1. Can you find, within the stretch 364-395, the residue that is farthest from the chain's Cα centre (by Cα) among those that are among the hydrophobic types (A, V, I, L, M, F, W, C), outside any loop (DSSP other than H, G, I, E, B) and under 27 Å from VAL436 (Cβ atoms)?
2. Could you check how many residues of the stretch 273-302 are over 26 Å from SER320 (Cα atoms) and either part of a strand (DSSP E or B) or modelled with pLDDT under 95 (or both)?
3. Could you grab the pairs with beta carbons closer than 7 Å, sequence gap of 6+ or different chains, first residue in the stretch 18-44 and over 27 Å from ALA84 (Cα atoms) and open to solvent by less than 30 Å² (accessible area, probe 1.4 Å), second one outside any loop (DSSP other than H, G, I, E, B) and at pLDDT 95 or above?
4. Just need a number here: residues in the stretch 206-229 that are among the hydroxyl-bearing types (Ser, Thr, Tyr) and surrounded by 22 or more Cβ atoms within 10 Å (Cβ to Cβ).
5. With the stretch 141-204 as the region, which strands (runs of 3 or more DSSP E) entirely inside it contain at least 2 residues that are touching a strand residue (DSSP E or B) at 6+ places or on another chain (Cβ under 9 Å), surrounded by 24 or more Cβ atoms within 10 Å (Cβ to Cβ) and not β-branched (Val, Ile, Thr)?
6. Does any residue of the stretch 258-275 turn out to be open to solvent by 10 Å² or more (accessible area, probe 1.4 Å) and either under 24 Å from THR81 (Cα atoms) or free of Cβ contacts under 8 Å to residues at least 12 places away in the same chain (or both)?
7. Name every residue in the stretch 313-358 that is of a type in the set (Lys, Arg) and open to solvent by 10 Å² or more (accessible area, probe 1.4 Å), in order of residue number.
8. Kindly indicate whether any position in the stretch 74-83 is in a loop (DSSP other than H, G, I, E, B) and touching a helix residue (DSSP H, G or I) at 6+ places or on another chain (Cβ under 9 Å).
Amino acid sequence: MKDFKHIFIALITLLACLQINAKIKLPALFSDNMILQQKANAPMWGWAEKNGNITIKTSWNSKIYKAKADNQGKWKTALQTPVAGGPFTIEVTEGTEKVIVKNVLIGEVWLCSGQSNMEMPLKGFQGQPVTNGNDIIVRSTNKNIRLITIPRATVLEPLTDFEGKWEVASPKTTSNFSATAWYFGSLLQEVLDVPVGLIHVSYGGSSMEAWMNQEMLKDFASAKIPTTKEELAKDPNRVPTTLFNGMLSPVIGYGIKGCIWYQGESNYERASEYKELMKKMVSSWRALWKQGDFPFYYAQIAPFNYASFHPKDYLDKYNSAYLREAQLKATKEIPNSAMAVLMDIGEENSIHPMDKEKGGSRLAYQALARTYGIEGFEFESPKYKSMEIKENSVIVSFDDVANGITSYDKEVTGFELAGEDKVFYPAKTVVRRKSVVLTSDKVAKPVAVRYLFKDFAKAELFSAGGLPVSSFRTDEW
């Protein structure tokens with residue numbers, strides 16, 4: 001028995017040594033249960049001996065790929081993927097060593113990024129539930145949905161890998177996974193009837209600048225690039241470049257169909273810069289991925305009492321309607337992008353709305369219609385089109401209202417009118433099929449309109465399909 005124990009320990013030690021000295025190392029992205037983008041030249045990479053010769057074989061077509069490691073041991077190739085299906089295997093060989101990646105699916109892969117409202121898991125945060133989250137978790141077993149989460153990391157230099165692995169959707173794996181991403185991906189999987197992979201890369205409280213590198217930020221004077229670890233001590237998730245380096249960098253280049261984004265709460269005080277930051281971030285990410293202008297769909301931040309963060313020194317710029325406005329304007333300037341309006345889910349005293357289904361589903365609507373060409377349903381919130389002044393009244397018209405607008409037979413009180421004195425007063429509102437008529441006894445000659453242009457407000461106007469109108473203003477005062 002004693003000899004057997006010694007032999008067992010020796011075997012374990014030998015296996016450990018073999019693992020340490022293994023020639024082939026694959027990133028966490030290329031683990032069992034992974035998913036590759038269908039009908040694509042999907043990049044694959046890893047590490048081996050310096051200048052080593054690597055052979056990759058894919059079971060879906062028995063094709064052999066050859067790659068050669070550079071003098072640092074890094075190698076890269078691209079795998080031709082078929083239509084959605086699986087499971088398959090990928091064999092990676094160098095000399096006598098072989099690594100087999102098992103249970104590989106081919107389907108649709110989406111990057112899911114942002115801050116806490118993307119990060120918030122189906123089980124909710126401590127004391128902050130997700131509506132129906134537990135019920136969704138119980139029903140979440142689905143072998144055709146694959147999930148991977150990149151752990152939090154804030155560093156000064158770009159990382160090349162992370163600790164993690166792909167997992168098959170089940171109550172055990174979905175409970176800690178992004179609720180917004182889950183609702184998005186599960187609806188895609190149900191409607192498209194193909195495997196869906198979700199790469200979750202988010203960090204609560206993060207600023208947009210943290211998800212950009214130094215090159216992207218060179219034209220933004222307010223972005224101070226850190227050079228020492230001491231500069232990361234306080235709010236590292238808001239320090240420029242830190243999350244790009246620690247979390248995004250290891251996944252750049254992985255074959256994706258597109259990206260969904262839910263962020264902006266940490267930039268509300270700097271709304272004037274947000275649109276340009278967003279344009280730069282999106283164009284730069286696309287350039288790094290080398291997949292052209294892949295779809296970029298994002299959630300407009302929900303209304304919340306941001307004034308509570310400034311009880312003694314509130315300034316008008318802290319009104320989060322300015323940030324929502326910047327996000328709305330960005331849709332017109334970022335190619336192949338669209339926004340999900342969330343005016344109806346905000347909570348005055350919680351920055352994390354419990355209703356995550358609306359955000360995830362509305363992002364999925366955009367993808368299903370714009371990316372996958374499915375027709376017959378509403379996917380776009382009505383947008384302000386024009387205003388026509390007739391004596392003391394204003395007619396406001398909207399785009400994207402094929403089936404009209406509605407207040408669900410409730411009084412609309414969120415519109416305001418102002419005259420040349422720039423003072424806004426509540427407006428009486430009459431809802432028509434595709435427009436509203438506004439009047440106010442206190443504004444004889446109206447020149448400007450605002451709708452729910454406040455820090456916290458609840459949606460009052462919707463499309464017939466239930467999609468809320470964003471807050472907006474016609475002035476630039």
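The values are calculated or read from the model by the stated rules, or taken from the named source; none is laboratory data. Owing to the predicted nature of the structure, the values given are computational and were not obtained by experimental measurement. Cβ placement follows ideal geometry from the backbone for every residue including glycine, while neighbour counts extend to all protein chains displayed. Just the protein is used for accessible areas: all its heavy atoms, side chains included, with ligands, DNA and RNA removed. Shrake-Rupley method; radii C 1.70, N 1.55, O 1.52, S 1.80 Å.
1. Step one: filter the stretch 364-395 for residues among the hydrophobic types (A, V, I, L, M, F, W, C), giving 364, 367-369, 374, 377, 379, 387, 389, 394-395.
Going one step further and asking which of them are outside any loop (DSSP other than H, G, I, E, B), we end up with 364, 367-369, 387, 389, 394-395.
From what is left, the residues that are under 27 Å from VAL436 (Cβ atoms) are 369, 387, 389, 394-395.
Values: ALA369: 18, MET387: 33, ILE389: 40, VAL394: 37, ILE395: 36 Å.
Among those residues, the one meeting the criterion is ILE389.
2. 0
3. ILE24/GLY46; ILE24/VAL92; ILE24/GLU94; ILE24/GLU97; ILE24/VAL99
4. First pass over the stretch 206-229, keeping only residues among the hydroxyl-bearing types (Ser, Thr, Tyr): 206-207, 222, 227-228.
When the remaining residues are screened for being surrounded by 22 or more Cβ atoms within 10 Å (Cβ to Cβ), the result is 206-207.
Residues flagged as among the hydroxyl-bearing types (Ser, Thr, Tyr) and surrounded by 22 or more Cβ atoms within 10 Å (Cβ to Cβ) within the stretch 206-229 amount to 2.
5. 142-149, 196-202
6. No: zero hits.
7. Step one: list which residues in the stretch 313-358 are of a type in the set (Lys, Arg), which gives 317, 324, 329, 332, 356, 358.
Answer for the stretch 313-358, where residues must be of a type in the set (Lys, Arg) and open to solvent by 10 Å² or more (accessible area, probe 1.4 Å): LYS317, LYS329, LYS332, LYS358.
8. Let us first name the residues in the stretch 74-83 that are in a loop (DSSP other than H, G, I, E, B), namely 81-83.
If we keep only those that are touching a helix residue (DSSP H, G or I) at 6+ places or on another chain (Cβ under 9 Å) too, we end up with none.
Checking the stretch 74-83: not a single residue is in a loop (DSSP other than H, G, I, E, B) and touching a helix residue (DSSP H, G or I) at 6+ places or on another chain (Cβ under 9 Å).
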